[in-house]
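These notes concern the structure reproduced below.
Where a number appears in this text, it was derived from the coordinates with a stated rule and is not lab data. Treat the numbers as computed from the prediction; the structure is a model and nothing was measured. FYI the Cβ positions are ideal-geometry reconstructions off the backbone, even for glycines, and counts take in every protein chain you see.
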Amino acid sequence: MLESLKDKRAVFPKNKQRDFLARVESKTQKTESELAPLLNIHSRTLREWKKEKYSIPLKSLKKLCAMTNCSMPSNIVIKEPFWWTKKAAIIGGNATYRKYGIIGGNQELRKKQWRKWWEKKGKHTIKNSKILKRKTIQKPRKSEKLAEFIGIMLGDGGLSHRQINISLHYRDDKPYAKFVATLIKNLFGLNPSIYFRAKKSINTIVVSRTDLVEFLTKNIGLKIGNKIKQQVGIPKWIKQKRQYQIACLRGLIDTDGSIFKHQYKVNKKQYQYKKMDFTSRSFPLLNSVSDILKKLDIKHRKSGAYSIRIESIKAVNRYFDIVGTHNPKHLKKYRK
């Protein structure tokens with residue numbers, strides 16, 4: 001769940017954004033994992049806001065004010081989307097011009113030479129160019145590995161008409177990103193690119209292949225576009241086989257799930273144990289996850305409208321015994 005880059009930004013004075021979010025949590029009595037889905041963001045994004053690494057989108061700030069019945073903070077400055085890019089571009093452009101002068105040499109001469117090439121050779125050979133030929137992919141059979149990949153895509157993935165992308169936290173999920181990249185290589189014979197997006201604190205795994213998108217949508221059951229608006233669910237072929245369901249569930253919880261400690265005191269003695277949480281704003285997906293957990297006899301419950309909790313020690317242990325994880329972050333928290 002990623003916040004939009006196209007929103008205006010609310011810029012607080014130093015330390016005031018952190019204080020504002022602390023007041024919101026206090027008034028709403030909600031944890032990060034409960035508050036984040038209401039803003040359509042990941043809980044790690046909320047943590048970055050609290051650390052004041054990034055400003056808050058104006059739309060999200062208005063939602064927070066509505067939740068707490070308070071007016072908009074008076075000490076903020078509203079900035080347009082990408083407000084910093086123009087200034088940065090001017091500084092970079094001036095530095096490049098001072099160092100190199102005009103880039104690319106004589107522009108008119110370049111155009112003249114290109115037209116000469118186009119008339120003599122270019123337009124006659126472009127039709128047979130490899131550039132215009134669609135690159136094919138390795139098309140795997142339905143399997144546990146493919147089912148797990150579908151779970152990953154349903155969790156933190158996205159599809160456009162030409163590209164797939166999977167967004168993972170740049171630090172916490174770094175080892176898991178390597179697993180996902182290897183899985184893509186083994187399934188489709190493709191080497192994905194990984195791009196670091198500092199503003200989002202994420203690494204985005206990207207594969208640009210029209211053949212891949214068509215295979216995933218026409219043969220496997222994924223959909224192009226917004227998963228929440230389309231209320232996506234687990235494809236039927238995965239539901240028809242127990243091992244496929246387990247693999248898909250693992251991919252879902254490895255991406256959109258979390259493990260956390262629950263602490264409490266009894267007679268001044270401190271107790272703690274681990275719980276698991278899966279969050280999604282797609283109701284068909286939530287229902288499918290619940291159905292699979294029931295079939296596996298893993299006790300769980302709904303927590304609010306968008307969350308499923310696995311809370312008992314026995315249930316958490318049973319999940320890791322049957323489903324397991326390929327995300328080292330989850331395994332470390334479970335064993336700790």
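Overview of values
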read-out	value
Dipole of the chain, positive direction: furthest Cα of 210, 237, 158, with charges on the beta-carbon	210
Length gained when the stretch residue 299-residue 287 is fully extended (0.36 nm per residue, less Cα-Cα span)	2.9 nm
Charged-residue dipole, Cβ positions (Lys, Arg, Asp, Glu), the chain about Cα centre, Debye nearest 20	820
Farthest toward positive dipole pole in the chain [+1 Lys/Arg, -1 Asp/Glu at C-beta], among 285, 308, 176	176
Whole-Å distance, taken between Cα centres, linking the stretch 36-89 and the stretch 183-221	29
Efficiency of FRET from Cβ geometry, residue 186 and residue 242, R₀ 22 Å, rounded to 0.05	0.50
Difference of contour (0.36 nm per residue) and Cα-Cα distance, residue 206 to residue 261	16.5 nm
The stretch 245-330 shape via C-alpha gyration tensor axes, a/c threshold 1.5	prolate
Percent of C-alpha pairs per 20 Å bin, the chain, short to long	25, 49, 22, 4, 0
Trypsin sites (Lys or Arg not before Pro) within the stretch 40-98: DSSP coil, no more than 14 neighbouring Cβ in 10 Å	51, 53
Simple Cβ-charge dipole of the stretch 183-320, Lys/Arg +1 and Asp/Glu -1, about Cα centre, in debye nearest 20	600
Whether the stretch 144-335 is rounded, prolate or oblate, judged on the alpha carbon gyration tensor where a/c under 1.5 counts as rounded	prolate
Relative contact order of the chain, pairs being alpha-carbon contacts under 8 Å that are 6 or more residues apart, as %	14
Peptides 245-255, 284-294 ordered by average Cβ neighbours within 10 Å, highest first	245-255, 284-294
Per-peptide average of other Cβ atoms within 10 Å, ordering 116-122, 275-281 highest first	275-281, 116-122
Relative contact order of the stretch 258-329, pairs being alpha-carbon contacts under 8 Å that are 6 or more residues apart, as %	27
Two-site label geometry, residue 143 and residue 214: point separation in nm, points 7 Å out along Cα→Cβ	2.3
Distance (nanometres) between label positions extended 7 Å along Cα→Cβ at residue 115 and residue 23	6.5
Residue 333-residue 135 FRET efficiency (beta carbon distance; Förster radius 56 Å; 0.05 resolution)	0.90
Value of relative contact order over the stretch 144-335, rounded to a whole percent, pairs C-alpha under 8 Å and six or more apart	23
